[in-house]
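Novice: Below is one structure. I have some questions about it.
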Amino acid sequence: HMFTDGNGRGFVNLNALNNSTNASADFTIQTRHSGTAAERLRIISSGNVGINSTSPTTTLDVRGTVQVSGISTFSDDVTIVDGKKILLGDSDDLQIWHDNAGGHSRIDDTGTGNLVLRGASGILLEKYGGGYMANFTNDGSVDLYYAASKKFETLERGVGIGGSIHIDNDVNVAGIAT
């Protein structure tokens with residue numbers, strides 16, 4: 001225990017707590033805020049560290065907001081629960097999230113500019129489990145697929161259609177010579 005005076009100012013409390021009959025111990029740090037002592041950090045006997053968590057379940061268990069400046073590197077998966085978002089930009093105008101109510105995965109651009117996707121060779125949209133939906137080739141064709149079969153493509157001279165054309169209304173055709 002460390003105290004700086006008898007009035008509760010400058011209070012810091014370090015504890016080694018026996019948490020079971022096998023004599024393992026947790027290490028805690030407490031501070032006093034507005035006259036109330038509260039645990040701020042706990043290291044349990046397994047090595048898990050809790051910040052504002054009295055029973056950390058992972059290597060680092062933080063309950064509250066974390067602010068990081070600089071580069072952060074993750075060498076494993078980052079898990080975000082349903083309904084929570086990755087917010088990017090000063091106004092949170094780019095949002096990546098999974099909508100647990102509708103079951104949809106979303107990329108939302110709520111800013112004033114466009115959402116721009118860029119690829120060095122192109123952009124390919126695939127369904128989960130494989131099979132093309134669309135292929136956008138840089139300086140080349142745009143291919144659209146139905147059930148993984150190409151049905152429409154842009155060509156240098158126009159478009160190509162793989163299959164029949166179904167039209168429900170009038171068609172006007174100009175420039176056809178026989």
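The values are calculated or read from the model by the stated rules, or taken from the named source; none is laboratory data. Remember, predicted model here, so these are calculated numbers, not experimental data. We place every Cβ from the backbone using ideal geometry, glycine too, and count neighbours over all the protein chains shown. All accessible areas refer to the heavy atoms of the entire protein, side chains included, with ligands and DNA or RNA removed. Shrake-Rupley method; radii C 1.70, N 1.55, O 1.52, S 1.80 Å.
Novice: Kindly sort Leu125, Leu117, Leu94 by accessible area of their heavy atoms, largest first, with the probe set to 1.4 Å.
Specialist: Leu117, Leu125, Leu94
Novice: Moving on to the next point. More than 24 angstrom separation, counting every C-alpha pair in the chain; what % is that?
Specialist: Details: 10671 of 15753 pairs.
Result: 68 percent of Cα pairs exceed 24 Å.
Novice: What is the distance, in nm, between label points placed 7 Å from the Cα along the Cα-to-Cβ direction at Thr36 and at Ala101?
Specialist: The modelled label-to-label distance comes out at 3.3 nm.
Novice: Also: Once amide H atoms are placed 1.01 Å from N in the peptide plane, what residues at a sequence separation of 5 or more from Ser53, or on another chain, have their amide H within under 5 Å of its amide H?
Specialist: For Ser53, whose amide H was placed from the backbone, the distant partners under 5 Å are Arg42, Arg63.
Novice: I would also like to ask the following. Report, in debye and to the nearest 20, how large the dipole of the chain comes out about its Cα centre when Lys and Arg carry +1 and Asp and Glu carry -1 on their Cβ. Please list the in-between numbers first.
Specialist: On the way: 13 positive and 20 negative charges, 129 e Å.
With Lys and Arg at +1 and Asp and Glu at -1, about 620 debye.
Novice: Once you keep just the Cα pairs under 8 angstrom separated by 6 or more residues, what percentage relative contact order results for region 32-171?
Specialist: 8
Novice: Residue-wise, which Karplus ³J(HN,Hα) couplings in Hz belong to region 107-123, taking 6.51 cos²θ - 1.76 cosθ + 1.60, θ = phi - 60°, and x for glycine or proline?
Specialist: 10, 10, 10, 9, x, 8, x, 8, 8, 10, 9, 10, x, 4, 10, x, 10
Novice: A further question on this structure: Just to make sure I understand: if all protein chains stay in place, what is the order of Thr154, Thr73 by accessible area at 1.4 Å, largest first?
Specialist: Working: Thr154 45, Thr73 125 Å².
Greatest to least solvent exposure: Thr73, Thr154.
Novice: For the chain, what is the accessible area per residue in Å², given a 1.4 Å probe and the full set of protein chains?
Specialist: Per residue, the chain has 80 Å² of solvent-accessible surface.
Novice: Restricting the count to DSSP beta bridges whose residues both fall in the chain, what percent are antiparallel, rounded to a multiple of 5?
Specialist: 95
Novice: Could you grab the Rg to Rh ratio for region 66-147? Cα atoms only, Kirkwood for Rh.
Specialist: 1.02
Novice: I'd like the accessible area for Arg42, computed on protein heavy atoms only with a 1.4 Å probe and all protein chains in place. Round to 10 Å², please.
Specialist: 30
Novice: Which chymotrypsin sites (Phe, Trp or Tyr not before Pro) does region 114-178 hold that lie in a coil by DSSP with at most 15 other beta carbons within 10 Å?
Specialist: Tyr128
Novice: Ser46 accessible area, nearest 10 Å², 1.4 Å probe?
Specialist: Its accessible surface works out to 90 Å², give or take rounding.
Novice: Shape verdict for region 127-175, please, from the Cα gyration tensor: rounded (a/c under 1.5), prolate (a/b greater than b/c) or oblate.
Specialist: oblate
Novice: Considering only protein heavy atoms and a 1.4 Å probe, what is the carbon-and-sulfur percentage of the accessible area of region 118-178?
Specialist: 51
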